[in-house]
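Accompanying notes for the structure given below.
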Amino acid sequence: LMKVYKLLLLVCVLGSCKKGAVVPIVVPPRDTAIVITPTTPTDPETAASIGFFMNEWIPKTFVAPTFTDVQMPLVSGVAINVNPANIITKIPPTIFGNNANPYMTQMVTEPILLNHIKELHPGIIRFPGGNLSSVFFWNAENNNKPADAPENLVDADGKTFKSYYWYGKNNDNWTLSLDNYYAMLQQTNNQGMITVNYGYARYGTSANPVAAAAHLAADWVRYDKGRTKYWEVGNESNGSWQDGYRIATASNKDGQPEKVTGDLYGQHYKVFKDSMMKAAKEIGKSIYVGAQLLEQEPASWSTPTDKTWNSGVLGKAGSVADYFIIHSYYTNYGENSQATVILNSAIDRTKTMMDYVKSNVTGNGVSLKPIALTEWNIFSEGSMQQVSNISGLHATLVLGELLNNKYGMASRWDLANGWGNGNDHGMFSNGDEPGIVKWTPRPSFYHMYYFQKMSGDRLISSTVTGSTDLSVYASSYASGQVGLVIVNRSNTAIDPTITFQNYTVGNRAYWYTLRGGTDNGDFSRKVIVNGAGPLQPAGGPENYATLKAYSSTLLSNVRVTVPPRGAVFMVVEKK
């Protein structure tokens, strides 16, 4: 007690006490220890835009990887400050999803692919994917379409063409059957998101095509037996490219208009949801059914369908939808975009989309629901942008911005697609890329893999001073460590110093540094991880799962080099 008293006197001598002030001294009972309890950060309330997707949240424990000792760079004028006491949101694992499709093999026959998916662990894998969901009959044998599915469909211009239906019981080796989709999920420890066939409600020729399509969807829920929680009614059903957007009214028996509208889709959504929820109740399972919205203001040249889509859907189904679905390919369609345009789009559009949807929802008198970005990628083409390290950096930025803006769920399009001279959205080479072994991961895989590997379970506050070219996404682990994802969007290396509030660094930091190669200008098809690159003309190191981290012992502040158009994925120990 005498030590405490002398300390208080010293404080007053140094000028902290006003003249005449009384310094109270509380004397504890004899043998009672003075305990200083550290402040425990408080988790914020789950945002409405995340909602039930946060039910998937689990605490994470960091396990230190094997490492190679390296020296940290000298201090620079760029500073990153991290405050683990300021929690932005708990991180929903549903944000790291991806898409499968019916033209990427039976998957369970591809052990190399399955191993990569297991390592990546996207959490959610959506199926049967985009446009093909509008012509997918989950319970049909190959080439055995329902009797009320017409022989011809109608395109956006009103021209008829031979229908091309897809079948869930097709076991040919080039396609993916429904049962093997389920088997793939089980073998890779992921769960599904299913898009039911809404187009059938439009082009079906039965007396009540909406009821027939809703019944088909409900039967899928019954067959699913609770394996899938998240369901969508249709895919981009507003789009003029979608089967069911325009129908042959002469063949329609329930008086539907030639072209779909948001109002009509909203009416139909309620029929689908009612049937699907009854089926879920029958099997004693809970499901969530999503409705589609547009992510941005339609352009002046957009179709009348687009211009009234959101107001129509929200007016008819906004109050009953469990969540709202949007899609974005970030950059302009067909544009040979520069790297800067691509990277900036991840930051700008992720926020503007969320702002737009929130404004539309509340502006139509509807309470905000969880938001799911169930397809995303870039449209940029002409310079192999989609298969490049820049695409990987874009993916890293999108993940960080999705968390910043509190999306509930997201799934990138897609696991495998088609080469198209480098205009290929696939995360893996599909076997048609010249000189590249089938299922070789592309740079986007590595960026998304290390993002999850080195990020915790809570997004926390971080700030950058001295540079406008760094994007930082900081997180904390339930086990105490801090994770950092640092992206350098510039053409020059940056060496930031990282400081902390409400956190004392421990003995070590561990990190992985990702950068592009020297091929193909700004759009290298390679990614170099801690100095290790691919053995092929594209991709990254084959031993990514066992690759040693860089590491350094810590004295006070943390410093690291972020390469040009590169990223660092780091974890800092706590004392």
J(HN,Hα) series, segment 73-83, from Karplus relation 6.51 cos²θ - 1.76 cosθ + 1.60, nearest Hz, glycine and proline x: x, 5, 5, 10, x, 9, 10, 10, 10, 10, 10
Accessible area (Å², 1.4 Å probe, nearest 10) - Arg246: 40 Å²
Extension gain, Ala493 back to Ala85 (0.36 nm per residue minus Cα-Cα distance, nm): 143.9 nm
Per residue accessible area of segment 103-163, 1.4 Å probe, in Å²: 42 Å²
Sulfur and carbon atoms: percent of accessible area, segment 281-339 [1.4 Å]: 48 percent
Euclidean distance of C-alpha centroids, segment 186-228 and segment 241-270, integer Å: 18 Å
Using a Förster distance of 41 Å, the FRET efficiency for Lys169-Ile112 (Cβ separation, nearest 0.05): 0.95
Mean Kyte hydropathy of -0.5 or more with a Cα span along the axis of at least 20 Å, helices from DSSP in the chain: 209-224, 339-363, 389-404
nm² value of the averaged projected area, convex hull over the Cα atoms of segment 424-537: 9.0 nm²
Separation in nanometres of the label points that stand 7 Å from Cα toward Cβ, at Val320 and Ala64: 5.7 nm
Segment 314-409 - accessible surface per residue (Å², probe 1.4 Å): 30 Å²
Accessible surface of segment 117-192, 1.4 Å probe, proportion on carbon and sulfur as whole %: 43 percent
Label point 7 Å beyond Cα of Ala207 along Cβ direction - residues of segment 142-157 with amide nitrogen under 19 Å: 147-150
Over segment 494-575: Kirkwood hydrodynamic radius from C-alpha pairwise inverse distances, Å: 14.0 Å
Span from the segment 292-338 Cα centroid across to the segment 339-415 one, whole angstrom: 13 Å
Residues with amide H under 5 Å from that of Ala410, placed H, sequence gap 5 or more: Ile95, Phe96, Gly97, Leu373
Note, ³J(HN,Hα) from phi for segment 374-385, Karplus 6.51, -1.76, 1.60, rounded to Hz, x at Gly and Pro: 7, 9, 7, 4, 10, 8, 3, 8, x, 10, 6, 4
Solution diffusion estimate, µm²/s, Stokes-Einstein, segment 120-215, Kirkwood Rh from C-alpha pairs, 4 °C, viscosity 1.567 mPa s: 89 µm²/s
Residue order for Tyr269, Tyr333, Tyr164 - accessible surface, 1.4 angstrom probe, largest first: Tyr333, Tyr164, Tyr269
Counting DSSP beta bridges with both ends in the chain, the antiparallel % (nearest 5): 60 percent
Glu56, Glu282, Glu45, reordered so the largest accessible area comes first (probe 1.4 Å): Glu45, Glu282, Glu56
Average silhouette area of segment 388-472, convex hull of alpha-carbon atoms, in square nanometres: 6.9 nm²
Anchor Lys548: lysines whose Cα lies under 20 Å away (excluding residues fewer than 8 positions away in-chain): Lys118, Lys453, Lys526
Kirkwood hydrodynamic radius over Cα pairs of segment 40-192, then Stokes diffusion coefficient at 10 °C and 1.306 mPa s, in µm²/s: 80 µm²/s
Estimated FRET transfer efficiency (Lys145, Thr352; beta-carbon r; R0 41 Å; 0.05): 0.50
Whichever aspartates and glutamates have a C-alpha closer than 16 Å to that of Lys574, once near sequence neighbours (fewer than 8 apart) are set aside: Asp457
Cα shape, segment 287-370, gyration tensor, a/c 1.5 rule: prolate
Convex hull per residue volume in Å³, alpha carbons only, for the chain: 197 Å³
Spin-label pair Lys278/Ser251, simplified geometry with 7 Å Cα→Cβ offset, distance in nm: 2.7 nm
Additional length obtainable on full extension of the chain from Thr518 to Asn557, 0.36 nm per residue less Cα span: 10.8 nm
Rounded if a/c under 1.5, otherwise prolate or oblate - segment 98-164, Cα gyration tensor axes: prolate
Rounded to the nearest 10 Å², the accessible area of Thr352 at probe 1.4 Å: 80 Å²
Sorted peptide list for 255-266, 360-371, criterion being average Cβ within 10 angstrom, highest first: 255-266, 360-371
Whichever aspartates and glutamates have a C-alpha closer than 13 Å to that of Lys145, once near sequence neighbours (fewer than 8 apart) are set aside: none
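The values are calculated or read from the model by the stated rules, or taken from the named source; none is laboratory data. As the structure is a prediction and not an experimental result, all values here were calculated from the model. Reconstructed Cβ throughout: ideal geometry from the backbone, glycine too, with neighbour counts over all protein chains shown. Accessible surface is based on the protein model in full, side chains and every heavy atom, while ligands, DNA and RNA are left aside. Shrake-Rupley method; radii C 1.70, N 1.55, O 1.52, S 1.80 Å.
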